[in-house]
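Here's the structure, in structure tokens; my notes come after.
Computed from the coordinates by the stated procedures, all read-outs in this text should not be read as laboratory data. Everything numeric here is computed off the predicted structure, so don't read it as measured data. Backbone-built Cβ (ideal geometry, glycine too); neighbour counts: all protein chains shown.
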Amino acid sequence: MKVVFLGTSGYGETGKRNTVSILLNDHILVDAGEGVTRRLLKRICAKKITHVFLTHGHMDHLIGIFPLLWQYLVVDRRTEPLNIICPDYIERAIKQIFDLTYFPLSIQKFTLEFHPLDVDREKQFHVTIPNYEVDAIVLEHQPACVGYRFNQKYHNETGKSFVYTGDTQPTNQITTLALKTNLLVTDCSFPSALSEDAHRLNHMTPLDAARIAKDAECARLGFIHHPDYILDHKTEILAEISRIYPSNNVIFCEDKMEIII
Ligand SMILES: [Zn+2]
Ligand SMILES: [Zn+2]
């Protein structure tokens, strides 16, 4: 499975990094941060996207869906269906934005199929798409954030798996979702010294992520949604977590980075 980080910044853009978006095997988009359309166009992947999975409604994860849909509607005049899997409140938000700007999605040419997850009633979901079984779990964030596990399937045989938390506090559910995965990519918004702030604001630190990766026996751990200054302290952070989880298996995700799992 090829994992490409189109954007890795949390909260907002930086001079070097877009907000979070991840591309799986050139056709599955996970979160849609700012700048995602141009990053996809540069990779000649924009038209290949068949499924978009969105974790939650904060704009650093969502704002890129609007220019991407606009591109499909107005520039590409797309005819192939597009599937969007997301917490149900996001479907309403996307439709309302297009309605309020006099460009309702309902009159467009291509089939835009939403698969809303009823996050007020259910805490776990399962979605089947071609070649993947996808598990989704509601994690600890406001508004509700869904973490995803993508299990690749070949001829009924289980292949590699990839897990992405979106934004969340550390919870036991992440350990369940990430059990023995090939790559766990987690929220890493604060340094470990600020863990109280991180948890109060529903985010995680490198130590939180390392504990989960150890408990879940993850083969590799990637940090995302980190501020630029965390990248200046890689050595200290790796030393700090190495007592818990092998630092050789840790990746500080950066824009345009590609990982094969
Ligand atoms: Zn965020
Ligand atoms: Zn958030």
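Things to note:
- When the residues of segment 150-181 are filtered to those that are β-branched (Val, Ile, Thr) and in a loop (DSSP other than H, G, I, E, B), the one that is farthest from Leu139 (Cα to Cα) is Thr181.
- Some residue of segment 136-155 being of a type in the set (Asp, Glu) and either over 28 Å from Cys188 (Cα atoms) or away from ligand 2 (no atom under 16 Å from the Cβ) (or both): no
Yes or no, residue by residue, for (1) in a helix (DSSP H, G or I); (2) under 28 Å from Phe252 (Cβ atoms); (3) more than 14 Å from ligand 2 (Cβ to nearest atom):
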{"site": "Tyr11", "(1), (2), (3)": "no, yes, no"}
{"site": "Leu23", "(1), (2), (3)": "no, yes, yes"}
{"site": "Leu29", "(1), (2), (3)": "no, yes, yes"}
{"site": "Lys47", "(1), (2), (3)": "yes, no, yes"}
{"site": "Gly57", "(1), (2), (3)": "no, yes, no"}
{"site": "Val74", "(1), (2), (3)": "yes, no, yes"}
{"site": "Arg78", "(1), (2), (3)": "no, no, yes"}
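- Among the residues of segment 146-188, the one identified as over 16 Å from the mean Cα position of the chain (by Cα) and among the hydrophobic types (A, V, I, L, M, F, W, C) is Leu179.
- When segment 131-149 is limited to residues that are in contact with a strand residue (DSSP E or B) (Cβ under 9 Å, 6 or more places away or on another chain) and part of a loop (DSSP other than H, G, I, E, B), the one that is nearest to ligand 1 (Cβ to nearest atom) turns out to be His141.
- Pairs meeting the criteria (first residue in segment 57-86 and under 16 Å from Ile44 (Cα atoms), second residue within 16 Å of ligand 2 (Cβ to nearest atom) and assigned to a loop (DSSP other than H, G, I, E, B), beta carbons under 8 Å, at least 6 apart or on different chains) are Leu68/Ala32.
- Residues of segment 232-241 include none that is within 21 Å of Glu13 (Cβ to Cβ), surrounded by 20 or more Cβ atoms within 10 Å (Cβ to Cβ) and away from ligand 1 (no atom under 15 Å from the Cβ).
- Selection count where residues are surrounded by fewer than 24 Cβ atoms within 10 Å (Cβ to Cβ) and within 16 Å of ligand 2 (Cβ to nearest atom), scope segment 156-169: 1
- Among the candidates Leu69, Leu105, Leu62, Leu54, the residue that is at negative phi and surrounded by fewer than 17 Cβ atoms within 10 Å (Cβ to Cβ) is uniquely Leu105.
- Considering segment 18-70, and only residues there that are of a type in the set (Ser, Thr, Tyr) and within 15 Å of ligand 1 (Cβ to nearest atom), the residue that is farthest from the chain's Cα centre (by Cα) turns out to be Thr19.
Matching residues to (1) in contact (Cβ under 8 Å) with a residue 40 or more places away in the chain; (2) out of contact with any Lys or Arg (no Cβ under 9 Å at 6 or more places or on another chain):
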site	(1), (2)
Ile22	yes, yes
Asn25	no, no
Leu29	no, yes
Arg38	no, yes
Ile44	no, yes
Lys48	no, yes
Val52	no, yes
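- Cβ pairs under 6 Å, 6+ apart, first in segment 129-154 and under 17 Å from Leu23 (Cα atoms) and of a type in the set (S, T, N, Q), second more than 11 Å from ligand 2 (Cβ to nearest atom) and not in a loop (DSSP other than H, G, I, E, B): Asn131/Lys153; Asn151/Glu133; Asn151/Ser161; Gln152/Tyr132; Gln152/Gly159; Gln152/Lys160
- The residues listed here are Asp187, Asp120; of these, the one that is within 16 Å of ligand 1 (Cβ to nearest atom) and not hydrophobic (A, V, I, L, M, F, W, C) is Asp187.
- Residue satisfying all of: in segment 182-238; among the aliphatic types (A, V, I, L, M) and assigned to a loop (DSSP other than H, G, I, E, B); farthest from Arg149 (Cα to Cα) among these: Leu201
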